[in-house]
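Structure, as structure tokens:
No value in this document is a laboratory result; all are computed from the given coordinates. Model, not experiment: these values are computed from the prediction. Ideal geometry is used to build each Cβ from the backbone, glycine not excepted, and the neighbour counts take in all protein chains shown.
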Amino acid sequence: SQQGEEDPQALSIQEGENATMNCSYKTSINNLQWYRQNSGRGLVHLILIRSNEREKHSGRLRVTLDTSKKSSSLLITASRAADTASYFCATDTNFGNEKLTFGTGTRLTIIP
Amino acid sequence: KAGVTQTPRYLIKTRGQQVTLSCSPISGHRSVSWYQQTPGQGLQFLFEYFSETQRNKGNFPGRFSGRQFSNSRSEMNVSTLELGDSALYLCASSAGHVDYNEQFFGPGTRLTVL
């Protein structure tokens with residue numbers, strides 16, 4: 001079963017613009033992670049935010065977490081063509097356990 | 001460090017056959033997890049192994065099984081294949097830290113069941 005729902009399902013923007021994706025989840029979490037997947041390949045870990053954190057930055061990525069609303073957002077600034085991919089949020093709900101529950105994903109297309 | 005490797009990358013089988021997929025984790029990682037990805041169901045957790053023991057299991061039928069060896073390499077097996085088993089099977093390894101389980105994914109094995 002899917003823990004997270006991502007919004008929007010698909011997003012197309014011009015190169016250079018910012019892209020924002022949202023993730024909602026259902027149960028309490030230990031941490032939330034964002035992954036990128038290029039065209040049916042393996043997933044690449046982007047960023048992890050713990051349940052006691054509200055915001056985290058990594059390069060052009062900014063992630064926020066609102067545990068009261070059970071939601072997170074991923075902002076990619078100054079988008080590039082290479083950012084075209086599917087983005088998934090994944091929640092870790094079991095302390096010390098490696099199981100991740102993934103959202104449905106957002107397909108991001110950057111138009112050059 | 002070499003990344004997570006999965007073999008084979010592509011596989012075609014027919015209904016009723018069985019298949020074994022292999023995953024070699026990053027050196028030093030003791031946890032290996034398996035996920036199934038399909039267009040309809042998305043990414044779904046299959047099971048996780050840590051130090052040769054299955055530590056967690058998803059909601060998949062008993063036809064799906066796995067194991068982990070002493071060198072942390074893992075295999076998953078699917079018996080009596082069904083058309084719906086066609087999917088991308090992803091393996092991920094992790095150092096297994098208690099509060100930080102960033103997982104490193106392999107490129108996946110694309111299984112097609114005819």
Review point. For the pair A:Arg41 and B:Ser86, how long in nm is the line joining their label points, each one 7 Å along Cα→Cβ?
Key: 2.4 nm
Study note, to complete from the structure: Given a Förster distance of 22 Å, the FRET efficiency implied by the Cβ-Cβ spacing of A:Thr20 and A:Thr109, rounded to the nearest 0.05, works out to 0.95
Review point. Within 10 Å of each Cβ of A:25-32, how many other protein chain Cβ atoms are there on average?
Key: 1
Study note, to complete from the structure: Expected integer from the mean partner chain Cβ neighbour count at 10 Å over A:42-54 is 3
Check your understanding: Can you pull the Kirkwood radius for the protein assembly as shown, inverse mean 1/r over Cα pairs, to one decimal in Å?
Key -> 17.9 Å
Review point. Anyone know which of A:Ser71, A:Ser51, A:Ser39 comes out most mobile in the 10 Å Cα GNM of chain A?
Key: A:Ser39
Revision key, fill the gap. Here the relative contact order (percent) of chain B, from C-alpha pairs under 8 Å and at least 6 apart, is 36 percent
Check your understanding: Can you tell me the Rg and the Dmax, both Å, for the Cα atoms in chain B?
Key -> 13.4, 42
Point to revise | segment B:1-57: C-alpha pair distances exceeding 16 Å, % | key: 59 percent
Point to revise | Over segment A:5-112 - Rg/Rh using Cα atoms and the Kirkwood inverse-distance radius | key: 0.96
Point to revise | Protection-proxy order for peptides B:61-68, B:73-80, A:53-60, each taking the mean of Cβ atoms within 10 Å per residue, highest first | key: B:73-80, B:61-68, A:53-60
Review point. Quick one: Cα centre-to-centre distance for segment B:54-71 and segment B:18-43, in angstrom?
Key: 10 Å
Practice item. Rounded to whole Å and ordered largest first, report the semi-axes of the equivalent ellipsoid of segment A:49-103 derived from its Cα gyration tensor (root of 5λ). Key: 23, 15, 10
Practice item. Rounded to whole Hz and in sequence order, give me ³J(HN,Hα) for segment B:105-113 from the Karplus expression 6.51 cos²θ - 1.76 cosθ + 1.60, θ = phi - 60°, writing x for Gly and Pro. Key: 9, x, x, x, 10, 8, 9, 10, 10
Practice item. Evaluate the relative contact order of segment A:8-112 (contact order divided by residue number), counting alpha-carbon pairs under 8 angstrom at least 6 apart; express in whole percent. Key: 38 percent
